[in-house]
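Engineer: Shown below is the structure under consideration.
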Amino acid sequence: MKTNILGLPVKESELLVKELNILLSNFQVYYQNLRGIHWNIRGKRFFDLHVKFEELYTDAQLKIDMIAERVLTIGGTPLHTFEDYIKNNKLAVGKNISNDEKAVHLIINSLSDLLKIEREILKQSDEINDEGTNSLMSDFIAEQEKTIWMMRAWLEEEL
């Protein structure tokens, strides 16, 4: 089996790059959804949610960079066009959402879909002993599960 400079199998790393690029694409859509609800939120909870949505999109922006850098680290090229992002997107696109509960539901559903992609990447990276990708996905998963819990608590919903 041929390995790269990191000691990872080349063929499996190429497959992992494809999955990471799918995650990157979906995170870009998630990020843009967050920007939209940040800009358009209305109502009595505006001040709290406006700040929270900014916190979330800032975090998403950092994660986007981390995913792209991981793609580069394992020998791939990160996707970087809107065409690629839309082609690989699995998330609902939020358009003109100004209602607080609709906005929070969009976040919950988006994070749930991102978790599915991340768990698949975690499974694949674990199979090739790619600790760098494992660690990244584990950190993302733990943070996003907590955010889902908090958003559902805000909605007064049970898990």
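Engineer: Starting from the Cα of LYS123, step 7 Å along the direction of its Cβ; do the same at VAL51; then give the gap between the two resulting points in nm.
Structural biologist: Modelled inter-label distance: 4.1 nm.
Engineer: Let me ask something additional. Per residue, how much accessible area does segment 1-123 show when a 1.4 Å probe rolls over the protein heavy atoms, in square angstrom?
Structural biologist: Details: 7030 Å² over 123 residues.
That works out to 57 Å² for each residue.
Engineer: Of LEU115, PHE27, ASN40, which is farthest on the positive side of the dipole of the chain, counting Cα position, with +1 on Lys and Arg Cβ, -1 on Asp and Glu Cβ, and the Cα centre as origin?
Structural biologist: ASN40
Engineer: I would also like to ask the following. Filter the GluC sites (Glu not before Pro) in segment 106-159 to those in DSSP coil with at most 14 other Cβ atoms within 10 Å of their Cβ, and list the result. All intermediate terms of the calculation are to be shown ahead of the outcome.
Structural biologist: On the way: sites: GLU118, GLU120, GLU127, GLU131, GLU143, GLU145, GLU156, GLU157, GLU158; in loops: GLU156, GLU157, GLU158.
Sparse-neighbourhood loop GluC sites (Glu not before Pro): GLU156, GLU157, GLU158.
Engineer: Would you mind calculating the gained length between LYS2 and LEU62 on full extension (0.36 nm times residue separation, minus the Cα-Cα distance), in nm to one decimal? List each step's numbers first, then the result.
Structural biologist: Details: separation 60, 0.36 × 60 = 21.60 nm, distance 3.22 nm.
Net length gain for the segment: 18.4 nm.
Engineer: May I ask you to compute the full-extension gain from SER112 to SER98, defined as 0.36 nm times their residue separation minus their alpha-carbon distance, rounded to one decimal in nm? Don't skip to the end; give the middle numbers.
Structural biologist: Details: separation 14, 0.36 × 14 = 5.04 nm, distance 2.11 nm.
Fully extending the segment from SER112 to SER98 adds 2.9 nm.
Engineer: Against the longest alpha carbon principal axis of the chain, how many degrees, from 0 to 90 and to the nearest 10, is the axis of helix 100-127 turned?
Structural biologist: Once rounded, the angle reads 10 degrees.
Engineer: Within segment 19-37, whose backbone N sits under 13 Å from a point 7 Å along Cα→Cβ of LYS146?
Structural biologist: none
Engineer: Quick check: at a probe of 1.4 Å, how many percent of the accessible area of segment 1-125 sits on carbon and sulfur atoms?
Structural biologist: Working: 3850 of 7080 Å².
Its accessible area is 54 percent carbon and sulfur atoms.
Engineer: Mind checking the angle between helix 10-40 and the chain's longest principal axis? C-alpha axes, 0 to 90 degrees, to the nearest 10.
Structural biologist: 10 degrees
Engineer: Past 26 Å, Cα to Cα, is the threshold; run LYS44/LYS116; LYS18/LYS95; LYS52/LYS87; LYS18/LYS123 against it and keep the listed order.
Structural biologist: Numbers: LYS44/LYS116 33 Å; LYS18/LYS95 28 Å; LYS52/LYS87 29 Å; LYS18/LYS123 14 Å.
Correct reply: LYS44/LYS116; LYS18/LYS95; LYS52/LYS87.
Engineer: While we're looking at this one, here's another question. Among 80-92, 98-110, how do they line up by average Cβ neighbours within 10 Å per residue, starting with the highest?
Structural biologist: Values: 80-92: 14.2, 98-110: 18.7.
Those peptides, ordered most packed to least, come out 98-110, 80-92.
Engineer: How high is the relative contact order of the chain, in percent, counting Cα pairs under 8 Å that sit 6 or more residues apart?
Structural biologist: Details: 172 pairs, mean separation 45.4, N = 159.
Rounded, it is 29 percent for the chain.
Engineer: Evaluate the charge dipole of the chain about its Cα centre and quote only its size in Debye, nearest 20, assuming +1 on the Cβ of each Lys and Arg and -1 on the Cβ of each Asp and Glu.
Structural biologist: Details: 19 positive and 26 negative charges, 109 e Å.
With only Lys, Arg, Asp and Glu charged at Cβ, the dipole is about 520 debye.
The values are calculated or read from the model by the stated rules, or taken from the named source; none is laboratory data. Keep in mind the model is a prediction, meaning the values are calculated, not measured. Note that we place each Cβ from the backbone using ideal geometry, even for glycine, and neighbour counts take in every protein chain shown. To get the accessible areas, we keep the full protein, side chains included, count just its heavy atoms, and leave off ligands, DNA and RNA. Shrake-Rupley method; radii C 1.70, N 1.55, O 1.52, S 1.80 Å.
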